[in-house]
Amino acid sequence: GVLDPYVGRPEFTRIPLEAGAAQDLGRYFWDAAVRAAHVSYDDLSTESGLTIGQDFRNGWESAVEGRFGYRISEGYGLFLRGEANRRRYELKSADNDGWKVSAGLEFELTRILTGELTGGWAEQTYQATGQSNAAWTYGAA
């Protein structure tokens, strides 16, 4: 066969929806969010002029997340976070579900500059094969 490369990069439209709530209860705090996004890809053309549909990439991605924490002292808090996600595409073999749990430390460097460090475990399961990928996770923000 002959390689017929795409002319450009894929273009897509992503429409996000999100709602959340948070409450500070003195030493205790919590927040929660629900997110969803619809993704729609445009067709791609090759150098020879062939148009290749990208509809298989179209679909919905959604997640729900919650966090509960305790402030151990002024400017420092410990928290637990849980998240579940669901992704559904026109190409059904790409559908997958996942979850993540983590623990972390939030800190206040100044009144307007804050950060957090997290570590946990995540797993993603693909519906077509039943295969799961799991790994330790970490993050800093």
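The values are calculated or read from the model by the stated rules, or taken from the named source; none is laboratory data. Computed from a prediction, not measured in an experiment: that's the story for all the values here. Virtual Cβ from ideal backbone geometry, glycine too; neighbours counted across all protein chains shown. Remember, those area values only see protein heavy atoms, side chains included, never the ligands or the DNA or RNA. Shrake-Rupley method; radii C 1.70, N 1.55, O 1.52, S 1.80 Å.
What are the ³J(HN,Hα) values, in whole Hz, obtained from phi via the Karplus relation 6.51 cos²θ - 1.76 cosθ + 1.60 with θ = phi - 60°, for each residue of the range 107-121 in sequence order, with x given for Gly and Pro?
9, 10, 7, 9, 4, 10, 10, 10, x, 8, 10, 9, x, x, 9
At 7 Å along the Cα-to-beta-carbon direction for both residue 84 and residue 42, put a label point, then send me their distance in nm to one decimal.
Reported label-point gap for residue 84 and residue 42 is 3.7 nm.
Give me the distance between the Cα centres of the range 83-141 and the range 1-26, rounded to whole Å.
Computed from Cα coordinates, the inter-centre distance equals 16 Å.
Let me know the Rg and Dmax you get for the chain when you use only its Cα atoms, in Å.
Rg then Dmax for the chain, in Å: 20.3, 67.
With r as the distance between the Cβ atoms of residue 52 and residue 114 and R0 = 41 Å, compute the FRET efficiency 1/(1 + (r/R0)^6) and round to 0.05. Please list the in-between numbers first.
Numbers: r = 46 Å, r/R0 = 1.11.
For R0 = 41 Å, the calculated efficiency reads 0.35.
Give me the percent of the accessible area of the range 1-42 that comes from carbon and sulfur atoms, probe 1.4 Å, all protein chains in place. Don't jump to the answer; show the numbers that get you there.
Details: 1900 of 3310 Å².
Of the solvent-accessible surface of the range 1-42, carbon and sulfur hold 57 percent.
Counting heavy atoms of the protein chains only and a 1.4 Å probe, report the per residue accessible area for the chain as a whole number of Å². Could you put the intermediate results ahead of the total?
Numbers: 9610 Å² over 141 residues.
Per-residue accessible area for the chain comes out at 68 Å².
Suppose we keep just the DSSP beta bridges with both residues in the chain; what percent of those would be antiparallel, to 5? Present the calculation step by step, with values, prior to reporting the outcome.
Working: 77 of 77 bridges.
The antiparallel proportion sits near 100 percent.
Evaluate E = 1/(1 + (r/R0)^6) for residue 32 and residue 126, where r is the Cβ-Cβ distance and R0 equals 22 Å; express this FRET efficiency to the nearest 0.05.
Values: r = 27 Å, r/R0 = 1.22.
Between residue 32 and residue 126 the formula returns 0.25.
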